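> For reference, the structure I am asking about is given below.
No value in this document is a laboratory result; all are computed from the given coordinates. Just so it is clear, the model here is predicted, and its values are computed rather than measured. A quick note on method: Cβ atoms are made from the backbone with ideal geometry, for glycine too, and the neighbour counts reach across all protein chains shown.
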Amino acid sequence: MTAGTFELGGFEVGRIGYGTLRLTGNGMLGNSDGPPVDRDLAVSLLRRAVELGVRHIDTASFYFSAIRSANELVNRALSPYPDDLLLVSKVGPKRAVSGEWLPPAAPGELRGQVEENLRQLGRDHLDVVNFRVVRKDSVAEHIGALAELCEAGLIRHIGLSNITPEHFAEATAITPVVCVQNRYGPEHRTDEDNGLLETCARQGIAYVPFFTISGERLEARGTGTQDAAVLDVARAHGATPAQVRLAWTLHRGPHVLTIPGTADPRHLEENVAAGSLRLAEDELRLLEGGFVG
């Protein structure tokens, strides 16, 4: 992996990580994204990611389907965990055992969510916990609750997900934040316009996009119709459209990380290899211009 590294939560991690959502067959929006991956295949994918140099695994206790739990797959595949492996989890969204989405967790419920992540992962602490915002109101009470869990030793570091600049300012006034995980890609660059991408760069905070490969199709797999600019650049490099999207993202700054998820061993290899893809300035402009309007 040649995309370089970045310090996140006390770990020096490669800028290409691995997201576990697709291993469960159930999407963040509550919509099924296909059948869950065979258990042995999921375990082998996670182990192969680490063999390829991935040291940043993104997961959550609410990543589950009727027969798969992302956290438990991570535990089975990677425990005992390498000392240099960073596990990043999330809290905030809440689901019933049946899979139904419930109103998001209240501040007093976050400890239970953290403890459930700990149980499933087989850990006594969580390296980084992202608070994923579901509603757009104040995050102060939730961040305060997570800061107390840091003091109690259950969490080492706090991150933010699905946020606005206002959420960022509110949270960082309460406690240090080590990462921001937001939707971002060639055709969705809101955080450039609102300054959040640059704010993270200036403060040395990791910016971790999601939906980079799938773009406007959100949780859909990285296949199907692609923008002409992506296809042109991919052909020029003998690369896949997914690799071009990942490379474009990594070019946004050394603080930008990616966590592409896949259930396909070949795509895993391609995603990691995207770290060596270098795009010229005219190609970057072509990609960005292709999505204007």
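> Points 7 angstrom from Cα along the Cβ direction at His125 and Glu51: gap in nanometres?
Once both label points are built, they end up 3.2 nm from each other.
> GNM on the chain, C-alpha springs below 10 Å: top fluctuator among Leu268, Leu160, Leu102?
Leu102
> Could you work out [θ]222 nm for the chain from helices alone, using -39500 (n - 2.57) per DSSP H run of at least four and dividing by all its residues? Round to the nearest 500 deg cm²/dmol.
Rounded to the nearest 500, it is -10000 deg cm²/dmol.
> Let me ask you something else. Read phi for every residue in the range 189-201 and hand back ³J(HN,Hα) as whole Hz from Karplus 6.51 cos²θ - 1.76 cosθ + 1.60, θ = phi - 60°, with x for Gly and Pro.
Each residue's phi maps through the Karplus curve to give 10, 3, 6, 6, 5, 8, x, 5, 4, 5, 4, 4, 4 Hz.
> Okay, next question. In degrees, nearest 10, range 0 to 90: what is the angle between the Cα axis of helix 228-237 and the longest Cα principal axis of the chain?
The angle comes out at about 80 degrees.
> Net charge near Ala3: determine it from the other residues with C-beta under 11 Å of the C-beta of Ala3, scoring Lys and Arg +1 and Asp and Glu -1.
Its environment carries a net charge of +2.
> How far, in nm, would the chain grow between Arg189 and Ala152 when pulled straight, counting 0.36 nm per residue and subtracting the alpha carbon separation?
9.6 nm
> Residues of the range 159-173 with amide nitrogen under 15 Å from the 7 Å Cα-to-Cβ point of Asp137?
none
> I'd like the orientation of helix 110-121 relative to the chain: the angle between its Cα long axis and the longest Cα principal axis, in ° from 0 to 90, rounded to 10.
On a 0 to 90 degree scale, this one is about 70.
> Sequence gap at least 6, Cα distance under 8 Å: using those rules, report the relative contact order of the chain to the nearest whole percent.
Answer for the chain is 19 percent.
> Using only alpha-carbon positions, what ratio does the radius of gyration of the range 1-155 give when scaled by 2.2 N^0.38 Å?
The value comes to 1.03.
> Calculate the translational D of the chain in whole µm² s⁻¹ from Stokes-Einstein, where the hydrodynamic radius comes from the Kirkwood formula applied to all Cα pairs, the temperature is 37 °C and the viscosity 0.692 mPa s.
Rounded to a whole number, D works out at 171 µm²/s.
> For a quick check: with amide H placed at 1.01 Å from N, whose amide H comes under 5 Å from Ser61's, ignoring anything fewer than 5 positions away on the same chain?
Under 5 Å from the amide H of Ser61: Lys90.
> Take each of the peptides 181-188, 274-281, average the number of other beta-carbon atoms within 10 Å over its residues, and list them starting from the highest.
Packing order, densest peptide first, comes out as 181-188, 274-281.
> While we're looking at this one, here's another question. Whole-Hz ³J(HN,Hα) for each residue in the range 57-67, computed from phi via Karplus 6.51 cos²θ - 1.76 cosθ + 1.60 with θ = phi - 60°, x for glycine and proline: what do you get?
10, 9, 8, 5, 5, 8, 8, 8, 10, 4, 10
> On C-alpha positions alone, give me the angle between the axis of helix 39-51 and the longest principal axis of the chain, in degrees, nearest 10.
The angle comes out near 70 degrees.
> Follow-up. How big is the antiparallel share of DSSP beta bridges in the chain, given as a percent to the nearest 5?
Once the DSSP bridges in the chain are tallied, antiparallel ones form about 30 percent.
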